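The values are calculated or read from the model by the stated rules, or taken from the named source; none is laboratory data. Please read all numbers here as calculations on a predicted model, not as lab measurements. Don't worry about glycine lacking a Cβ; one is built from the backbone with ideal geometry, like all the others, and counts go over all protein chains shown.
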Amino acid sequence: MPRAIAAIVLLVVTGPPARAEDFPHAVIKNEKLTFTLYDADASKGFYRGTRFDHAGVFGSVEFAGHKVFGPWKGTHDPANHDDIVGPCEEFGIDTPLGYDAAKAGGTFLKIGVGELEKPKEAKYSFAHKYKIVAPVVWERRPIDPEADFVGEIPRGARDQIWRTGQKANGYAYSYSKVVYAAGATIGLTHRLKNTGEKRIVTDCYNHNFFNVDGDPVGPNYSLVFSFEPKAKDLKGKFGDLVELKGNEFRFKDTLPNGADLMATLTGFDAKEKKPWFEMRHAPSGVRVKVECDYPLAKFNVWGIKPTICPEPYLAIDLKPGEEVKWSVTYTFTHDLPKK
C-alpha cells in the first residue's frame, strides 16, 4: 500500500498574533491527517515559556473528520508556563541543569529553552516565569540524511528538524529533534549529546494534552496500557473518578469545573524496550497509540475537564561526550463509534 505523502506549507505572520493559528507555523498535510507545527521562536513563537522545550510543538491534528489535541485553555499567553498544546516535552521538571549550585542572580540551563536567571527563591518551580538571559537559538530545516540522526523514519515521510546547543557553568549540550508525518503516524525523534565538562543527569517527559473535538474529560475517554497500571500518590479527584481494571484506565464521571486529578502509575516493566499506551475516545471512534522506544523511568497522569495527559518519562544520565537517542510515535486509527 503506498504511503500518504505529507505536504508542508510554511506560514509566516508579520502582524501581531491574536489567535493560535496566527503565530508562525507550518501546516503538514497528507491523505490521512493535517496538523500545525509551530516555530520555535523566542520573540514571536506560539510558546515562549520557560518550562517546555520550544521545538516541535504542534497544535490540533485533524484526522477522520475529528480534531485531536488543540487548545485546552480559553485564553493564551505565550509566556505562561502551560499555555501550550498537543504533545510537548520538558527536561528537568524537578531541577534543571545547574539550578541548585547557582546563586540568586546566577544562571542555570533549561534544555530546549535557554539560560535562565535564578531568583531569590531557593526551590525550583516549573510554573515560575524565569527571566531568559539567553534563549537557545534554533536552526530549522528539512532533514539531511547524510548529516542528521533521524531514527527509523518511513520512506516518503515529510519532516522538519530543529537543532540547537548551549553552554553555561560547565554544562553544555547539543540537541536535535525531528517531527515527521507518514500516513496516519506522527513521529518525534531526538538526539541529546553532552558537550560540556559536567555530567548531565536529568529526565524528559511528554505532557500529551489529549482532547478530542473539545469533549470534556470523562467516561467518553479511556487509556489502555502495555502493562497493568497501579496508582499511587493520588491527588485531586483521581480516587473518586478513575477506575483501573486490568490494563485499562477509565473514568466514572466527567471532571467538574475547576477540579483536577493526578497520580503516579506503577506496574510497568522498567526493562520493557517499547512500552505503549493508547488514548481512546468512544463517541468519535478515534484512537491514538503512543509508542516509546525507551524503558519507562516513571509514568504520571494528570487531567482537568478540558484535557487528559498521560506522561511517560525517560531517565537521562550522560557523562561528557556521551549521547542518547530516543523516539516516540503517535499512530491514529478510527473505529466506527458504538451505538
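List of remarks:
- Exclusive hit being within 22 Å of the chain's Cα centre (by Cα) and of a type in the set (Val, Ile, Thr), set 264, 254: 264
- Taken together, 258, 303, 267 contain a single residue that is small (Gly, Ala, Ser), at pLDDT 95 or above, farther than 20 Å from residue 64 by Cα and surrounded by fewer than 21 Cβ atoms within 10 Å (Cβ to Cβ), which is 267.
- Some residue of region 99-117 being under 26 Å from residue 44 (Cα atoms), polar (S, T, N, Q) and either out of contact with any Asp or Glu (no Cβ under 9 Å at 6 or more places or on another chain) or surrounded by 23 or more Cβ atoms within 10 Å (Cβ to Cβ) (or both): no
- A count restricted to region 19-50 and to residues that are more than 26 Å from residue 125 (Cα to Cα) and in a strand (DSSP E or B) stands at 10.
- Exclusive hit being farther than 30 Å from residue 213 by Cα and out of contact with any helix residue (DSSP H, G or I) (no Cβ under 7 Å at 6 or more places or on another chain), set 87, 96: 96
- Matching option when the condition is more than 19 Å from residue 210 (Cα to Cα), surrounded by fewer than 19 Cβ atoms within 10 Å (Cβ to Cβ) and out of contact with any helix residue (DSSP H, G or I) (no Cβ under 9 Å at 6 or more places or on another chain), among 323, 291: 323
- Qualifying positions in region 39-97 - more than 18 Å from residue 138 (Cβ to Cβ) and among the charged types (D, E, K, R): 62, 67, 73, 77, 82, 83, 94
- Matching residues in region 51-68 - criterion: being at pLDDT 95 or above, closer than 20 Å to residue 302 by Cα and in a loop (DSSP other than H, G, I, E, B): 51, 52, 53
- Test: residue in region 326-336 that is β-branched (Val, Ile, Thr), within 21 Å of residue 217 (Cα to Cα) and buried (at least 19 other Cβ atoms within 10 Å of the Cβ): no
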